[in-house]
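Trainee: Encoded as structure tokens, here's the structure I'll be asking about.
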Amino acid sequence: MTTSRYPALDDSRSFATAELDRMVLEEHEAIEPHVDELDSYCSMPIRLTHDAAGLHMELGPYDLDARDVARLRAAINAYDRHERCLR
């Protein structure tokens, strides 16, 4: 994994690991969004995990379920469509 020059916004998820048998299936390169309220950037790792509750995508401290991933996928597809139109 690449080390970011920005502070990490993440959660250790020690409870999920210990109590829910959380397992990291894949780790992806972190995103580095700008946080307007702080006028700075942060680093948020992206992980695909599985635990007693099922499959999740972790985006920094946030846990995304299948519904969230579908909404995110739709937003990214819309972004891609608009980007193609603006070229």
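Trainee: For the stretch 14-31, in order, what is each residue's ³J(HN,Hα) by Karplus, 6.51 cos²θ - 1.76 cosθ + 1.60 with θ = phi - 60°, in whole Hz (x at glycine and Pro)?
Mentor: Karplus values, whole Hz, x for Gly and Pro: 4, 5, 4, 5, 7, 9, 10, 6, 4, 10, 7, 8, 8, 10, 10, 4, 5, 8.
Trainee: Expressed in nm to one decimal, what extension gain is obtained for the pair Tyr41 and Asp11 from 0.36 nm per residue of sequence separation less their Cα-Cα distance?
Mentor: Using 0.36 nm per residue and subtracting the Cα-Cα distance, I get 9.1 nm.
Trainee: If amide H atoms are built 1.01 Å from N in the plane of the peptide, which residues on other chains or at least 5 residues away come under 5 Å of the amide H of Ile31?
Mentor: Amide H neighbours of Ile31, under 5 Å, 5+ apart: Met44, Ile46.
Trainee: Taking the structure as given and computing P(r) over Cα pairs in 10 Å bins from 0, in percent, which label from (i) 16, 28, 33, 22, 2; (ii) 16, 38, 35, 10, 2; (iii) 18, 47, 29, 6, 1 fits?
Mentor: It is the one labelled (ii).
Trainee: Oh, and also: Out of residues 5 or more away from Ala8 or on other chains, whose amide H comes under 5 Å of its own, with H placed 1.01 Å from N in the peptide plane?
Mentor: Answer set, sorted by chain and number: Ser43.
Trainee: What list of ³J(HN,Hα) couplings, whole Hz, do you get for the stretch 54-67 from phi and the Karplus terms 6.51, -1.76, 1.60, once you set θ to phi - 60° and write x for glycine and proline?
Mentor: Those phi angles translate into x, 8, 9, 10, 9, 10, x, x, 9, 9, 10, 9, 4, 5 Hz.
Every number here is computed from the coordinates shown, using simple stated rules; none is lab data. For clarity, every value in this text was computed on a predicted model and none was experimentally measured.
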